[in-house]
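In what follows, a single structure is set out as structure tokens and then discussed.
Since every read-out is calculated from the coordinates, none of them should be taken as a lab result. This structure is a prediction, so every number in the text was calculated from the model and none was measured. Note that we place each Cβ from the backbone using ideal geometry, even for glycine, and neighbour counts take in every protein chain shown.
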Amino acid sequence: MGTTRDADVLVVGAGPVGLLLAGDLAGSGAGVIVLEQLSAPTAESKASILHARTREIFAARGILDRMGTVPDGGRGHFGGIPLDLREADPEHPYAGQAEYLQSRLEPVLQDWAAERGAVVRRGHRVTALVRQSDGVELETVGPDERPRRLTARYVVGCDGTRSTVRQLAGFDFAGDSATREMLRADVAGIDVPDRRLRRYPRGTATSYRRGDGTTRLMVHARAATPGTGRPGFAEVVAAWAQVTGEDIGSGEPRWLDRFDDTRRQATRYRQGRVLLAGDAAHAQMPVGGQALNLGLQDAAALGPRLAARVSGAADDHVLDDYHRERHAAGARTLTNIQAQSLLLFGGQEVDGARDVFRELLDLAPVRRHLARTISGLDTPYRPPAERRSRSTPSPQESSTMSRLTGKNALVTGSSRGIGRATAVRLAREGALVAVHYASNEAAADETVAQIEREGGRAFPVRAELGVAGDVHELFLGLEQGLKERTGETTLDILVNNAAVTGVDGILPEDVTAEQLDRYYAVNAKAPFLLVQRAVRNMPDGGRIINISSGLTRCAVPEQVAYSMTKGALEQITLHMAKHLAPRGITVNSVAPGITDNGGAVFDIPEIVEQMAQSSAFKRVGEAGDVADVVTFIATDESRWITGAFIDASGGTLLG
Ligand code: NAP
């Protein structure tokens, strides 16, 4: 405070990543200067593929509307094996890939960022970086060759693979140097057949004619060792001839470029007040556009967090969160690209691996998984509107935002109904949610997809409850899912929601011993065993929430069998609350009344009207009405409630 600075944030690099970051920061009220050594936006083709998550990011900021026509980018591939990226999530509004040249994208982003208040200074080269106690100073050389000094609270290097910021700040850039290279060129005046990543004995080649009459060529000659600097046209002509046997020497080169399979990643994306994003943080072969998209997604993850830090609404943890989230995403993408580049550019020695991958890619879950990874949909993303409104909260608001960040939750029976609504709400509060189901895999996947569309994190876990070994099976899947995502198996929140429900009811005189056994096994015995098992993974302060029913407090004879089991469930609450209190774990029962769970009966207006009469509010409950109560009980705000029966029936029990 008190120190005069040139900006809150200096962004180095006015490529797409730097511009997106600058626009987000400026739009949130931060003072931003972007320093770029090039004097004008690139006129080069460079990257052109935009994936689903990136377009979602652009759409949420109104950038997509400024882009004019965005042509479909075709199907996509994994290591040259066709893969339709729409399979990542057919419901996603931007599923698939689009093609939009970087030379068109940069001016759009620059205008957008400038309108939001970012200052873009071109022709400025960074020459030194000095850390100060409460900021960072950059020394630059401007177009007039005069040295200047600029200070800011934070500096972000978005200055590409050879990042000056990364080098000056001394970031560790760990990984492997290149072993293969690819030459790229846009060439006019040639007529060669289109082909997509075709493998030849001596290499791999791609060519396709663009609308403007130029042909985009990409060629990898297996015998070549990676070169440096821009290739000459003669080098491209020779490589093309060597691999394909075709002569393109009569063409006129418009753009020439070289890239390789260098694989490096900054071990930290943040060092104090200096951060990295995009290619400055990770170097990789730009297979299928993943490099640009990864960088843009870094920017979208950093902008709102850094804005919150600058405004004082958040502490340094948000910046560490950025590192954690995007370093993990980058590492995953680099691994994915490494596998693809092996399949694409390897010789005969990878033929077997290619055959196996081809077989695997016949399987829908494999296609979906890879398409989600490539599309960036496997990493959480919170749309900016929500974030922006949360990035400058009042102190009171800030204590209630993302109340479950860092918590892991299991919601049994969350493939649909109240369980699904609960899973979605817990994820909105920041929890990583295990979506448990018995048989309805598609419904569980939809719950996970809904959570991920909203930027949350979830994974499905299958296990039928009420049968031998049920809890063991559930915990195998649960612990594996948690371990993969968090490195640990901590379970902070257990919601015992799954149940055999008494939809039709059975008159007391008709109830059979088998029916009683089934109700008891699923609705009472399994929840008890789940509590018993879960507390081994539960830290102090954990939450156990048992979904009971208003039917334990009012008489409906044809629901006696079902209600008996809910009565038993409430006994678990009572006794376990006392037992677990020394560890600060609370155990409560939440009792819904008639709640629309999406079942067929809720489509019949007359019956809904009749059911609505039971609530004091004269409507049936929505799944979200109950889920909101459960979510509150899951937060720290409910810490003084344990062993309670919480009526979430909309006043049904008032009589
Ligand atoms: P629902 O729509 O019928 O969904 C039941 C969920 O439980 C599904 O995810 C289902 O998974 C899972 N499930 C059922 N049997 C299972 C088993 N043997 N093993 C593992 N999972 C199983 O349920 P809901 O109506 O939302 O009810 C949720 C909770 O609220 C239940 O405890 C219920 O008793 C209670 N409740 C509901 C109402 C109401 O009016 N809806 C009223 C009072 C209390 P699959 O789909 O994969 O089979």
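A few remarks follow.
- Built amide H within the under 5 Å cut-off of residue 406, gap 5+: 432
- Spacing of the two label points (7 Å from each Cα toward its C-beta) at residue 514 and residue 489, in nm: 3.6
- Here the Karplus relation 6.51 cos²θ - 1.76 cosθ + 1.60, evaluated at θ = phi - 60°, turns the backbone of region 195-206 into coupling constants of 7, 10, 6, 6, 8, 10, x, 9, x, 10, 9, 10 Hz, with x for every Gly and Pro.
- Stretch gain in nm, segment residue 176-residue 358, where the contour uses 0.36 nm per residue and the Cα spacing is subtracted: 62.8 nm
- Gap separating the Cα centres of region 51-103 and region 161-219, nearest whole Å: 20
- Relative contact order of the chain, pairs being alpha-carbon contacts under 8 Å that are 6 or more residues apart, as %: 11
- Considering only the chain, percent of DSSP beta bridges that pair antiparallel, nearest 5: 55
- Residues whose amide H falls under 5 Å from that of residue 200, counting only those 5 or more places apart or on a different chain, are 205, with hydrogens built in the peptide plane.
- Tilt relative to the chain, helix 560-580 - C-alpha long axis, 0 to 90 degrees, to 10: 70
- Between 0 and 90 degrees, the angle of helix 233-244 with respect to the longest Cα principal axis of the chain falls at about 60 degrees.
- Region 1-37 and region 464-497: distance between their alpha carbon centers, rounded to Å: 44
- Backbone geometry of region 79-94 corresponds, through the Karplus equation with coefficients 6.51, -1.76 and 1.60 at θ = phi - 60°, to 3J(HN,Hα) couplings of x, x, 8, x, 8, 7, 5, 5, 5, 4, 5, x, 7, 5, x, 10 Hz, x marking Gly and Pro.
- Cut-off under 5 Å, modelled amide H: who pairs with residue 436 long-range: 411, 413, 414, 461
- Per-peptide average of other Cβ atoms within 10 Å, ordering 191-201, 22-32 highest first: 22-32, 191-201
- Within straight-line cross-link reach of residue 483, lysines at Cα separation under 21 Å, skipping those fewer than 8 residues along the same chain: 407
- Counted charge near residue 353, where neighbours are those whose Cβ lies closer than 15 Å (Asp, Glu -1; Lys, Arg +1): -1
- Here region 602-628 and region 224-277 have alpha carbon centers that stand 63 Å from each other.
- Net charge of neighbours whose Cβ lies under 10 Å from the Cβ of residue 271, counting Lys and Arg as +1 and Asp and Glu as -1: +4
- Whole-Hz ³J(HN,Hα) from phi, Karplus 6.51 cos²θ - 1.76 cosθ + 1.60, for region 109-116, glycine and proline x: 5, 5, 4, 4, 5, 5, 4, 7
- Degrees separating the helix 441-453 axis from the principal Cα axis of the chain, which is the longest one: 60
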